[in-house]
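Worksheet for the structure shown next.
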Amino acid sequence: MLGAFAEARNSVPGTTVQAMSFHDGALVLKLAAPDADALDRLSQLLRTGGWQADLTSGNVGSGGYQGSIRVRPLGAS
């Protein structure tokens, strides 16, 4: 999962990791990005790569957008 995330993040400039955790079989990422579209592109790249990636929260923060993405294998509940 981390490798897939790193590859996707490299394709979305300006996105930084603020925190990450792993529980219940999912990688939960708190991210900062230039805008909401950047986080949407990141989650789409992960889905294209064969992962289930859900944008679980997001809001405008100082200097950009902050949100959380939950990544897990396809078919996982």
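Within segment 3-21, residues that are under 11 Å from V71 (Cβ atoms) sit with their Cβ atoms under 7 Å from residues that are outside any strand (DSSP E or B), at 6+ positions apart or across chains, in these pairs: A4/L46; A4/G49; F5/L46; A8/L42; A8/L45; A8/L46; A8/G49. When G14, G3, G25, G58 are checked against the criterion of being more than 19 Å from R72 (Cβ to Cβ) and open to solvent by less than 80 Å² (accessible area, probe 1.4 Å), G14 stands alone in meeting it. The numbered conditions (1) among the small types (G, A, S); (2) touching a helix residue (DSSP H, G or I) at 6+ places or on another chain (Cβ under 7 Å); (3) surrounded by 12 or more Cβ atoms within 10 Å (Cβ to Cβ) are all true for S43 except (2).
The values are calculated or read from the model by the stated rules, or taken from the named source; none is laboratory data. All of these numbers come straight from a predicted model, not from anything done at the bench. Note: ideal-geometry Cβ built from the backbone for every residue, glycine included; neighbour counts use all protein chains shown. Note: accessible area is taken over every heavy atom of the protein model, side chains too, but ligands, DNA and RNA are not part of it. Shrake-Rupley method; radii C 1.70, N 1.55, O 1.52, S 1.80 Å.
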